[in-house]
Structure formats: C-alpha cells, structure tokens
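**Student:** Let me begin by handing over the structure; questions about it come next.
FYI, it's all coordinate maths here, none of it is from the lab. In this text, all values refer to a predicted model and were calculated from it rather than measured experimentally. Here Cβ is always computed from backbone atoms with ideal geometry, including for glycine, and neighbour counts include all displayed protein chains.
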Amino acid sequence: MDNAGVVANHASRRRLVVLLAIAFAAIALLAWRWITAPNVEPLLAKARRDWTANAFAADQNLERAIDAADGSLPLGHLLRCRLRLELQRPADAIAYIDAFGEAMAEDPVGLLDLAAAARSMTQPDVAARLATLVPAGTPHRAEALRLAVSAELDLGMLEPALRHAEEWSNTEPSNPEAKLATARVQRRQSRLIPAIHTCREAVRIATALPGPDQNASGDSTIANSALRELVELLVTARDAEGARQAFDQLADRTSDRDELTLMEAYILRLEGSPDEALAKVERACQSRPQSIEARFLRSVILIDAKRFADASNELKQVVRREPFHKEAHYKLALALQRLGQIDAASEHFNTSTRLTKLAEEQLALQGQVTNTPDPAKYRRLAEISAALGRDREAAFWRSQADAK
C-alpha cells in the first residue's frame, strides 16, 4: 500500500473512533438523564395532592412533570390550565392556551372535558377557546363545535358562532340540533329569512328521527325545540298562516297545552282575533305573573284595542324591570303619545331609537373584528354591550382589548 493509502486508512479509523466516542457519550448522557430525571407519575400525583391546599406547589410539580416528559405531556398542560380556571384567573388560562394549545390538542378528550368544565364555571370565553382547539376530523369535533357555539352565543360572538354552527351542521348533516343552533345564530343576527329556512330544515330532520330522540309520549325534545323556534320566527315575520301550521304541529306533540298559551296568543293577534288573544295572554299572566314577555304582549294587545292608559301602565312596569327592552320603550312611547303625554313619549322614543342604533352598531362591529382584530373596536364593543345591559359581553370585549 502506498503512503497516501496508509494515511487515508488511518484518517478513516480516527473518524470511526471519534464517531463511536460521540455515540457512547450520547448514550451515557441519555442514561444519566433517565436515571436522574424525576418520574412523571409521582410528580402528577403530588400535584393532585397539593391541588387545593397549595396551588402554587401543584403548578410547580405539573411544570416539572412536563419538563420530565420533554414537554410532551398533554395531561400536564390540561391540568395547569384547569388550575388557572379554578383559581378564577381566566386571562391566565387564555394566555396558557395560546402558549400550549397545540400540546393540549394532543388529548382531544381531555381538551373537550376541560372546555365543558370551563363552561360550567361560567367562563364561556375560555370554553370557546378550548373547544375550537379540538382537531377537525376527530370524533370529538362535533361535540366541541356544539359547546363552542353555545359559549360564543353567550358572549355575543355571532360571527364565530355562525361559522362554527355551520361547520357543525356540515360535520353532522343529519343532526337537527346543529341546524337549530345555526338558525338561532341567524336570528340573533336579524337574518330572519335564512333563520326560518334553516329552522324548517331542523324540524324536518328532527321529526323524521326514530325512537332514540323520542320520549314515551312520542314527543321529540329537539323537534319540539325546533318547532317552538320556528313559531317564534314566523310570528316575528308576521306569517300568521305559517305560524299557525307550525304551532298546530307542536301542539299535537305536546301533552301540556297550557305552556303554549302565550305562544298561541301571539298567533291569535296576528290572525286578527284580539279578544281571544287577550284571553289567552291573561291566562298566561295569571300562571306566570313574573313573565316580562306575557306583560309586554298584553300591553301590545291593549294598544291594538286602543286601551292606551291600561297599556301605558303595563309598559311602565315592563321598562322598570327591563330598562333595555327597546320594543317596550317604543310601544310605551306610542301609548303615551295617544294619551297626549308628548314629552314622556319623546323620551321613550329616544330611548328606543338609541338602543336600536346601538344594537345595529354592535352587529356591524362584530362582523368587522372577526377577521381583523382591532383594540379600539373591541373597546367600543365593550361600551355598547354595557350600554345594552350585557355585562358579560362587555367584560369579554374589554378582555379582548386588553390582550392586544
């Protein structure tokens, strides 16, 4: 072998020795880490023991457990997030979700359970954030969407609620509850015609469902809910014939007709039967003396009958208990105007107009911030929500503004 070959052979051997040394060092390091690293299970167990007595220690042990698992411990992340929820620190929980949501999503069942827990703790913003992290295509996505829509509706987040309701409906096209949820969001958005169409679909699907959705009387909980929603939508649309048909279908499925008394009063008024409508609403007021809706409808029928003094007395009680009831302010203004009380009528007209404009501005702003976050618009949404008496929504929008 020539000198060049000998040199190359020695160089190759030296490289092999170096590589083997590196490999042995790596193995030794891993073995040392395995021997000296804390065990995950004892740390989780200790965190659970410390949960109520020492939240800080519990959080530290959870963090150590996650580190011991090289960050791959979804349960640890879920527990750290839950700890923040139970300590009534939703902003910290949201921050944690933003930082470790991807790791938490590796356990869809645990993530969904935590979202449900957040919902039960009246933290709808956290519940919605967690639910939407459940991965698409998993068996748990539909239930996550159901939870997200419910939480988003609570917060007045109508655009995300509609998007998730439609995704849920597409995920489970034969589930009438998904259609009904979509219709309810559309109704909140004042999209009456689409809401009626979607609600009819919910009724069609629900009434065709076999046994599991029906009770012993043949009633279907979802079908009845969808029919109720449809009647209300058709009354709002002033479709007396359609409302009567849906009501009759609901009445055939309901064993207790008394609970439908107020609903039938709305329809009788639309059908031009004010005396029958008033008789029905009087019954509803007797059985439900605290019902704002019953008192409001009674006052509307009294205005129809030109009994303006009686109507104004009723409506004054309604707006005293529900100062943000824009329709009640409007009807009270009409009654007072007919009684010649022009200044008082003007005050309630102005209140109704202000509340209506605020509600319209709120809808417009929600559409604008869906894809383009804007702290100034978040703050304006918080102001509007507070002015409409929606304190939970106001708190949510303030938190959104503060986070940006």
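**Student:** Quote the FRET efficiency, to the nearest 0.05, computed for A359 versus R379 with a Förster distance R0 of 25 Å and r equal to the Cβ-Cβ distance.
**Tutor:** Values: r = 18 Å, r/R0 = 0.71.
About 0.90, to the nearest 0.05.
**Student:** Let me ask something else about it. Work out which helices of the chain, taken as complete DSSP H runs, extend at least 30 Å along their axis over the Cα atoms and score a mean Kyte-Doolittle of -0.5 or more, then list them. List each step's numbers first, then the result.
**Tutor:** Values: long enough: 3-36 (49 Å, 1.07); 342-369 (40 Å, -0.35).
Once both thresholds are applied, what remains is 3-36, 342-369.
**Student:** Please tell me the relative contact order of the chain in percent, rounded to the nearest whole number, where contacts are Cα pairs under 8 Å and at least six residues apart. Write down the numbers at each step before the final one.
**Tutor:** Values: 470 pairs, mean separation 26.4, N = 404.
Relative contact order for the chain comes out at 7 percent.
**Student:** If I model a spin label at E271 and I342 as a point 7 Å from the Cα along the Cα→Cβ vector, what separation in nanometres do I get?
**Tutor:** 4.2 nm
**Student:** Can you spot the lysines whose alpha carbon is less than 20 Å from K326's alpha carbon? Ignore those fewer than 8 places along the same chain.
**Tutor:** Counting by Cα, and skipping residues close in sequence, K326 has these lysines nearby: K316, K357.
**Student:** Which FRET efficiency value, to the nearest 0.05, do you get for D258 and R320 by plugging their Cβ-Cβ distance into 1/(1 + (r/R0)^6) with R0 = 22 Å?
**Tutor:** After rounding to 0.05, the efficiency reads 0.20.
**Student:** Right, here's the next one. Just add up the charged neighbours of M157: K/R +1, D/E -1, any other residue whose Cβ is under 13 Å from the Cβ of M157. Spell out each step's value before the answer.
**Tutor:** Values: positive: R129, R163, R188, R390, R392; negative: D125, E152, D154, E159, E393.
Its environment carries a net charge of 0.
**Student:** Counting only the backbone N, which residues of the range 253-288 are under 18 Å from the spot 7 Å out from the Cα of R238 toward its beta-carbon?
**Tutor:** Counting only backbone N, you get 266-274.
**Student:** Sorted from largest down, give the three principal axis spans of the alpha carbons of the chain, whole angstrom values.
**Tutor:** 118, 52, 49
**Student:** Also, quick follow-up: First measure r as the distance between the Cβ atoms of D304 and A136, then evaluate 1/(1 + (r/R0)^6) with R0 = 56 Å and state the FRET efficiency to the nearest 0.05. Walk me through the numbers on the way to the answer.
**Tutor:** Working: r = 51 Å, r/R0 = 0.91.
Between D304 and A136 the formula returns 0.65.
**Student:** Provide, in order from the shortest bin, the percent of all Cα-Cα pairs of the range 63-122 in each 5 Å bin, continuing until the bin that contains the maximum pair distance.
**Tutor:** Values per bin, smallest distances first: 4, 20, 32, 27, 13, 3, 1.
**Student:** Something else now. Connecting C-alpha atoms closer than 10 Å in a GNM of the chain, tell me which of L381, L130, L358 has the biggest fluctuation.
**Tutor:** The residue with the greatest mean-square fluctuation here is L358.
**Student:** With Cβ to Cβ distances under 11 Å as the rule, what net charge do the other residues near K179 carry (K, R +1; D, E -1)? Numbers along the way, then the final one.
**Tutor:** Details: positive: R184, R200, R204; negative: E166, E172, E177, E201, E229.
Net of charged neighbours comes to -2.
**Student:** At 222 nm, what helix-only mean residue ellipticity would the chain give, in deg cm²/dmol to the nearest 500, using -39500 (n - 2.57) for each DSSP H run of four or more? Don't skip to the end; give the middle numbers.
**Tutor:** Values: 21 runs with 314 residues, N = 404.
Rounded to the nearest 500, it is -25500 deg cm²/dmol.
**Student:** Cross-link candidates for K331: which aspartates and glutamates have Cα within less than 18 Å, leaving aside residues fewer than 8 places away along the same chain?
**Tutor:** In chain and number order, the partners are E293, D304, D310, E314, E322, D343, E347.
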